[in-house]
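The structure appears right after this line, and notes come after that.
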Amino acid sequence: MRVAVLFSGGKDSCYTVWLLQHQGWEVSRLVTIKPNGQDSMMFHYPNVEWTGLQAEAMDIPHSLIEGGDELGELQETLETLRRKERIVGIATGAVASDFQKSRFDRVSDSVGLRSFSPLWHKDPGTIVQDLIKAEFRTIISGVAASGLDRSWLGREMTAPWWEKLADLSERHGIHLSGEGGEYETFVIDAPHFKKRIIVEKSTTVWEGQSGYFKIEKASARDKLAN
């Protein structure tokens with residue numbers, strides 16, 4: 001099965017690529033939408049401009065769509081990929097958002113592609129445990145929920161920190177996968193990465209009750225290098 005993956009650079013889209021490759025599917029391209037602003041209800045905002053490094057680490061071709069009519073430009077890109085690269089479907093890391101999934105399904109159908117969401121309605125706790133066991137290295141790139149303060153920004157999510165997040169999820173009603181936009185992530189290493197991402201310079205932006213971790217300089221480095 002030859003597909004493209006709608007790719008944000010976060011844990012769910014990285015995990016989706018990994019799952020599909022384990023199933024023997026060919027992920028021929030990663031497609032990233034850079035929204036016009038951080039208040040986008042459809043697309044991941046923090047650090048999507050660095051997804052090209054992750055694509056390099058996975059050795060998968062990458063397309064970055066910036067601004068404009070987000071869904072319209074996605075539709076045009078998918079139509080081109082269907083014709084030129086012979087993809088038969090588009091996969092997303094959607095877990096629980098009907099709002100997002102319904103729109104992705106509609107765009108896929110409009111260009112004659114099948115829509116796949118391998119994480120759809122999967123238990124968030126199971127997803128987290130899978131990420132821990134597979135040794136995904138994930139940092140928090142944005143927070144916008146009660147219980148998540150500035151100290152979470154840029155934090156690498158080791159098993160103890162996932163446990164703390166699970167506790168906050170129960171106490172504050174945060175979706176453990178961040179599906180409601182409560183938090184966003186950026187993956188710096190994973191089992192299917194041939195290189196790891198090194199964040200060399202960064203800043204945090206805090207706006208009262210929410211904020212994001214901004215990568216200013218990063219590189220993809222061979223895993224055997226120091």
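The values are calculated or read from the model by the stated rules, or taken from the named source; none is laboratory data. Everything numeric in this text was worked out from a predicted model, so none of it was measured. Cβ atoms come from the backbone with ideal geometry, glycine included; neighbour counts cover every protein chain shown.
The residue that is nearest to TRP206 (Cα to Cα), counting only those in segment 162-177 that are modelled with pLDDT of 95 or more and within 19 Å of the chain's Cα centre (by Cα), is LEU165. Across segment 210-225, the qualifying residues are those that are in a loop (DSSP other than H, G, I, E, B) and surrounded by fewer than 12 Cβ atoms within 10 Å (Cβ to Cβ), and the one among them that is modelled with the highest pLDDT is LYS223.
Of the listed requirements (1) under 14 Å from MET1 (Cβ atoms); (2) surrounded by fewer than 18 Cβ atoms within 10 Å (Cβ to Cβ); (3) not β-branched (Val, Ile, Thr), GLU76 misses just one: (1). Within the option set ALA190, ALA218, being touching a Phe, Trp or Tyr at 6+ places or on another chain (Cβ under 7 Å) and over 29 Å from ALA96 (Cβ atoms) holds for one residue only, ALA218. Scanning for something crowded, with 21+ Cβ neighbours inside 10 Å and part of a helix (DSSP H, G or I), does segment 133-150 turn up at least one residue? No - not one qualifying residue is present in segment 133-150.
For segment 91-112, does any single residue satisfy the condition of being in the same structural domain as THR32 (by TED's automatic domain parsing), outside any helix (DSSP H, G or I), more than 26 Å from GLY178 (Cα to Cα) and of a type in the set (Gly, Ala, Ser)? For segment 91-112, residues in the same structural domain as THR32 (by TED's automatic domain parsing), outside any helix (DSSP H, G or I), more than 26 Å from GLY178 (Cα to Cα) and of a type in the set (Gly, Ala, Ser): present. Screening SER115 against (1) part of a helix (DSSP H, G or I); (2) among the small types (Gly, Ala, Ser); (3) farther than 17 Å from THR185 by Cα leaves a single unmet condition, (1). On the basis of being touching a strand residue (DSSP E or B) at 6+ places or on another chain (Cβ under 8 Å), of a type outside the set (Ser, Thr, Tyr) and within 25 Å of ALA57 (Cβ to Cβ), does TRP162 make the cut? Taking the combined requirement at face value, the residue does not satisfy it. Once segment 1-27 is narrowed to residues that are more than 21 Å from ALA96 (Cα to Cα) and outside any loop (DSSP other than H, G, I, E, B), the residue that is modelled with the lowest pLDDT is HIS22.
To keep it simple, each residue is scored yes or no on (1) charged (D, E, K, R); (2) not in a strand (DSSP E or B).
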| position | (1), (2) |
| --- | --- |
| PRO160 | no, yes |
| LYS164 | yes, yes |
| SER169 | no, yes |
| ILE174 | no, yes |
| GLY178 | no, yes |
| GLU184 | yes, no |
| ILE188 | no, no |
| PHE193 | no, yes |
| VAL205 | no, no |
